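Read through the structure below, which is laid out as C-alpha cells, and then see the notes.
The values are calculated or read from the model by the stated rules, or taken from the named source; none is laboratory data. Note that this is a predicted model, so its numbers are computed, not measured. Glycine gets a Cβ as well: all are built from the backbone with ideal geometry, and neighbour counts include every protein chain shown.
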Amino acid sequence: MRCLSVIVPCYNEEPTVKELLTRVLDSPWVAEVIVVDDCSTDGTRGVIRSLDDPRLQVLEQPYNQGKGAAIRRGFKEATADFVIIQDADLEYDPGQYGRLLEPLLSGEADVVYGSRFMTDRPRRVLYFWHSVGNRLLTTVSNAFTNLNLTDMETCYKVFRREVVQGLDLREDRFGIEPEITAKVARDRWRIWEVGISYAGRTYLEGEKIGWRDGVHAIRCIVRYSRAWSRLTGSA
C-alpha cells in the first residue's frame with residue numbers, strides 16, 4: 001500500500017544519500033520521495049540526479065536556508081495520505097515505516113513519533129551528553145505542552161497529510177522540531193509513540209547538531225507554547 005510521502009532534507013550527504021534513497025524507494029509503503037537539497041557544496045546533488053525513479057522528486061534550494069526551511073518546502077509539496085521526515089544519513093532505518101504507520105492506518109493516531117528511548121530495538125551507543133540533552137529538551141517541551149513524549153527531538157515524525165499541511169511552521173533550522181511538537185499539541189492532535197532502532201553517527205561521520213542548537217530549541221519551546229501565545233497575543 002503506497003500511502004507515504006517521504007520528505008528528505010539534505011545538505012552535504014554525498015557519502016550516504018544514495019544508499020539512503022535506495023532503502024527508502026525499496027519500501028512498499030512509499031508513494032513519493034521529495035528530496036530538498038539545501039544548496040549542498042559537495043557532490044550530493046550529482047548523486048541525487050543520477051537516481052532514476054518516477055517517485056523521486058528533487059527540489060534544490062537556491063541558497064542554504066537550514067533543515068527547517070527544507071522540511072517546510074517538502075511538506076507543501078506532499079500529496080500522499082501520510083507524510084514522514086527522513087534524514088539523508090543512515091541513522092534512521094526506512095525498514096521501520098510499517099511500524100510507524102500502524103497507529104495511523106488503524107485510525108488511532110493523527111501523528112506518530114518514532115522514539116529512540118522507548119524501545120527494546122537495537123540502538124548504537126554513543127555520546128552520554130547528547131542523550132542527556134535530548135532527554136532534557138523533551139522534558140522541557142513536555143512541561144510546556146503537557147505531553148508525555150519520550151523523544152521530542154526524533155527525526156521520525158509521521159503525520160496525516162492534512163495535519164502537517166495545516167501547521168503554520170516558521171523555523172528555518174533545527175528549531176523546527178520543538179515548533180512542530182508545540183503546534184501539534186496546541187491543536188490537540190492525537191499523538192502516539194512507536195519504539196524504533198537508531199544508528200547515530202559521530203561528529204567525524206557527519207553529526208551536525210551542537211549545543212547552540214539545544215539552546216535555540218529551548219527558546220523555540222517557550223516561544224511556541226500556549227503560555228507564550230497568551231502572554232504576547234501571538235500565534
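Which one of these does residue 200 not meet: (1) at pLDDT 95 or above; (2) touching an Asp or Glu at 6+ places or on another chain (Cβ under 9 Å); (3) closer than 20 Å to residue 9 by Cα?
(1)
For residue 47, state whether it is modelled with pLDDT of 95 or more and in a strand (DSSP E or B).
For residue 47, the condition - modelled with pLDDT of 95 or more and in a strand (DSSP E or B) - is not met.
Tell me whether the stretch 40-57 contains one or more residues that are surrounded by fewer than 22 Cβ atoms within 10 Å (Cβ to Cβ), charged (D, E, K, R), touching a helix residue (DSSP H, G or I) at 6+ places or on another chain (Cβ under 8 Å) and closer than 28 Å to residue 178 by Cβ.
No - not one qualifying residue is present in the stretch 40-57.
Do we find a residue being basic (Lys, Arg), in contact (Cβ under 8 Å) with a residue 24 or more places away in the chain and more than 17 Å from residue 78 (Cα to Cα) anywhere in the stretch 49-57? Working first, answer last.
Narrowing the stretch 49-57 to residues basic (Lys, Arg): 49, 55.
Then drop every residue that is not in contact (Cβ under 8 Å) with a residue 24 or more places away in the chain, which leaves 55.
Restricting the remaining residues to those that are more than 17 Å from residue 78 (Cα to Cα) gives none.
Within the stretch 49-57, none of the residues are basic (Lys, Arg), in contact (Cβ under 8 Å) with a residue 24 or more places away in the chain and more than 17 Å from residue 78 (Cα to Cα).
Confirm whether residue 36 is assigned to a helix (DSSP H, G or I), in contact with a Pro (Cβ under 9 Å, 6 or more places away or on another chain) and either of a type in the set (Val, Ile, Thr) or modelled with pLDDT of 95 or more (or both).
No; evaluated as a whole, the condition is false for this residue.
Are there any pairs with C-beta distances below 9 angstrom linking a residue in the stretch 22-39 that is touching a residue at least 60 places away in the same chain (Cβ under 8 Å) to a residue that is among the charged types (D, E, K, R) and buried (at least 16 other Cβ atoms within 10 Å of the Cβ), with the two at least 6 apart or on different chains, and if so which?
Note: pairs meeting the criteria are 23/93.
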